[in-house]
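The values are calculated or read from the model by the stated rules, or taken from the named source; none is laboratory data. Since the model is a prediction, treat every value here as computed from it, not as a measurement. Note that we place each Cβ from the backbone using ideal geometry, even for glycine, and neighbour counts take in every protein chain shown. The accessibility values were calculated without ligands, DNA or RNA, using every heavy atom of the protein model including side chains. Shrake-Rupley method; radii C 1.70, N 1.55, O 1.52, S 1.80 Å.
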Amino acid sequence: MNRVRFAPILLLAAASALAQAPASQKPTAPAAIKSFDAAAIDKTADPCADFYQYACGNWVKSNPIPGDQTRWARSFSLVGERNRYLLWQELDSAATKPKSALEKQYGDYFAACMDTGLIEKKGLKPLEPAFQRIATLKDARHLAAVASELEAEGSPMPLFNFGVEQDAKDSSKQIASIGQGGLSLPDRDYYLVDNKHFAEIRQQYIVHMTKMFALAGDTPEQAAKEAAAVMQIETALAKASMARVEMRDPQKVYHIYTVADFQKLTPEFDYSLYFKAVQVRPFETLNVATPGFFKGLNELVAKEPIDAWKSYLRWHTLHSAAANLPKAFFNENFAFFGKELAGQKEPTPRWKQCTSMTDRALGEAVGQDWVKQNFPPAAKASMDQLVAALEKSLGDDIKTLPWMTDSTKKAAEEKLGLIRNKIGYPEKWRDYSALKVEREDLIGNLRRNAVFGRNWDLDHLGKPVDEKEWGMTPPTVNAYYDPSMNDINFPAGILQPPFFDFTVDPAVNFGGIGVVIGHEMTHGFDDEGSQFDGKGNLREWQTPEDRKAFTERTDCVANEYSGFEAAPAKGETAAQRLNGRLTLGENTADNGGLRIAYMALLDTLAAEGKSINDKIDGYTEAQRYFLGFAQVWCQNQTEQSARQSALTDPHSSGRWRVNGSVQNFDQFGKAFGCAKGQPMTPANSCRVW
Ligand SMILES: [Zn+2]
């Protein structure tokens, strides 16, 4: 399943930033998380001047970032840590006393990861077959064969991403798709932007690669030469890459080619060898998401000396395995990718890393027991009700939109009516019986899992779409909208306090999970999702005038958020602003979610004979709604990570998810008695939905 078009509520940390810590760091049970936290509020702040500071100020002050984190968020991090701890308990018990074949399988997967003594003893041996294969590389024509064989064996294919996705213009078909790859740094900007900040990072990256090659046994001179060669190739690939903002436009990443025509784009790289190696069924056409990248890759294959390609493949073999190699490699990898690039002070404890790794590999196996323990049937029934309430609100919102013509409103309502909801966990669990797991072979497990995952994905080619498949595992604290499926998905992991709490008043739940549901629904109608119709096909359903009005409104949001600062200036390094174009879909979804969840709350209160002005513990229902919403996003983030996120994460930082959203919603000013023209109630605000 291709996940490029998924729109999640937040971006989860990349696995590459994880590294090893002493095994002695023992897991501890995290405390329960409050849904509404009056103690988090900074009463010295003016909610009309800076609502985020008001709602979160005390929490931010008293919750510094733990050493093993780069971002510490009141809800997502705390719930994530809690879910991971519960999952760890399950894995730890399965690793010691498995009660079923499935428990034995994931217990062994986890145990292999935890065995740092064995990792140390094995050294680089597990990578030797890959290194030997790379050493056989003869000439440029041979590159396709060697790179393909490496991927066939479960090493990552660094150059590009190949998989199966729904045809953007005919969502009933599952087609082959290929897109750009090849980089190790978080974004092409890291290679290309000409300023001191990035120049320093590039310099440190070269030093890091040199150290890694030296650790792998190369002489200092050789290591330095190899690092320079990798930098040259990755920089050229970065130049050929499409920018993230462009990648968000589904039209720009849709180019159907015949296999023969695609091969003409990159004649130097023989794709027939690759397709054969990964054992994909024969096919005639495919989507080439980024043709420019493949042209660039072709020039590079012809131009770079064969030794440079050897270094490049060696680097990616080392780099991708670094977190699961002996300590010296872990530590060096962490020093650069964790500490330097993301500001993480200490490595992630091993038990956390192994728990997450097992969840990624066998999520629907470990998830089966997890939901039995942590997701009561009553939770699903309540969610069904909440989703229905939000659907009604979005329908009402569409009906009353000031800028949309009636015919387009009808089309929007039709699309809304076709959105499917998936709540909790899959009806049918994935079958992992073909995945062989060995308790004493961590790297082998990772490889076999890569092959297993690829086979599972490629098996979709040409088959009917299975609407019941999930793209996230049950314990995940996240949610997503998929425009090709036109469905919203809420894993069991997010359906708990502080997002969702049976024990609190509806205002707080609507501010929490209600806004999350509204956010995902609005993704169907953001600048990206709105280009797909109710059946998940890339097809215009707005009239040209409506599309023009829509774009004027999304431009307003993009410009507004581009003015927000993600990280302050530091020394000679300029302040980092958000990219309003990169975050446009998420900001639109936040704004829409806040509005329609509020409307759903009004309906719910009215049905119960209550008013939005009723007070509980000194706050009106309206105030509790906005506070409940804001407190989902209280967070601390390292400066390095904030800068990285501003370039790579399509979500705005917590402060702006809160302040940006309330600034555009007039009910906020009313709830807190703000005068027009104050920072949270600007004279000119933006509204799409
Ligand atoms: Zn989202």
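Some observations on this one:
- Check on Asp187, of a type outside the set (S, T, N, Q), open to solvent by less than 30 Å² (accessible area, probe 1.4 Å) and part of a loop (DSSP other than H, G, I, E, B): yes
- Scanning the range 135-156 for residues that are of a type in the set (Asp, Glu) and either within 10 Å of Ile306 (Cβ to Cβ) or not in a helix (DSSP H, G or I) (or both) returns Asp139, Glu153.
- Phe500 open to solvent by less than 20 Å² (accessible area, probe 1.4 Å), away from the ligand (no atom under 16 Å from the Cβ), under 18 Å from Gly80 (Cα atoms) and in contact (Cβ under 8 Å) with a residue 24 or more places away in the chain: yes
- Listed by first and then second residue, the pairs linking a residue in the range 503-529 that is free of Cβ contacts under 8 Å to residues at least 40 places away in the same chain and open to solvent by less than 10 Å² (accessible area, probe 1.4 Å) to a residue that is of a type in the set (Asp, Glu) and within 16 Å of the ligand (Cβ to nearest atom), with Cβ atoms under 9 Å apart and 6 or more places separating them unless they lie on different chains, form an empty list.
- The range 79-114, residues that are open to solvent by 60 Å² or more (accessible area, probe 1.4 Å) and not in a helix (DSSP H, G or I): Lys97, Lys99
- With a requirement of 3 or more residues that are within 16 Å of the ligand (Cβ to nearest atom) and either crowded, with 16+ Cβ neighbours inside 10 Å or of a type in the set (D, E, K, R) (or both), the helices (runs of 4 or more DSSP H) lying completely within the range 639-685 that satisfy it span 654-663.
- Number of the condition not met by Asp617 [criteria: (1) open to solvent by less than 30 Å² (accessible area, probe 1.4 Å); (2) out of contact with any Asp or Glu (no Cβ under 8 Å at 6 or more places or on another chain); (3) of a type outside the set (A, V, I, L, M, F, W, C); (4) more than 30 Å from Arg188 (Cα to Cα)]: (1)
- Hits in the range 485-512 (condition: more than 21 Å from Asn421 (Cα to Cα) and small (Gly, Ala, Ser)): Ala507
- Any hit, the range 257-265, residues being out of contact with any strand residue (DSSP E or B) (no Cβ under 6 Å at 6 or more places or on another chain), under 26 Å from Ala152 (Cβ atoms), open to solvent by 20 Å² or more (accessible area, probe 1.4 Å) and part of a loop (DSSP other than H, G, I, E, B): no
- Residue pairs meeting the criteria (Cβ under 9 Å; at least 6 apart or on separate chains; first more than 19 Å from Asn559 (Cβ to Cβ) and open to solvent by 10 Å² or more (accessible area, probe 1.4 Å), in the range 585-596; second of a type outside the set (Lys, Arg) and within 10 Å of the ligand (Cβ to nearest atom)): Arg595/Thr522
- Failed condition for Gln385, given (1) surrounded by 14 or more Cβ atoms within 10 Å (Cβ to Cβ); (2) assigned to a helix (DSSP H, G or I): (1)
- Taking every residue in the range 69-82 that is under 16 Å from Phe629 (Cα atoms) and pairing it with any residue that is open to solvent by 30 Å² or more (accessible area, probe 1.4 Å) and of a type in the set (A, V, I, L, M), at least 6 positions away or on another chain, yields no pair with a Cβ-Cβ distance below 6 Å.
- Which listed residue is more than 16 Å from Ile178 (Cα to Cα) and either open to solvent by less than 20 Å² (accessible area, probe 1.4 Å) or modelled with pLDDT of 95 or more (or both), from Thr285, Thr235: Thr235
- Pair list, Cβ under 7 Å, 6 or more apart: the range 196-224 residue over 16 Å from Thr235 (Cβ atoms), other residue charged (D, E, K, R): Lys196/Glu572; Lys211/Glu332; Met212/Glu332; Phe213/Glu226; Leu215/Glu332; Asp218/Glu226
- Residues satisfying the stated conditions in the range 561-592, i.e. assigned to a helix (DSSP H, G or I) and away from the ligand (no atom under 16 Å from the Cβ): Ser562
- Scanning the range 460-474 for residues that are touching a strand residue (DSSP E or B) at 6+ places or on another chain (Cβ under 6 Å), open to solvent by less than 10 Å² (accessible area, probe 1.4 Å) and assigned to a loop (DSSP other than H, G, I, E, B) turns up at least one hit.
- Number of residues in the range 654-670 that are closer than 9 Å to Phe51 by Cβ and more than 21 Å from the chain's Cα centre (by Cα) equals 4.
- Residue check for Gln623: polar (S, T, N, Q), more than 20 Å from Trp59 (Cβ to Cβ) and either open to solvent by less than 50 Å² (accessible area, probe 1.4 Å) or in a helix (DSSP H, G or I) (or both): no
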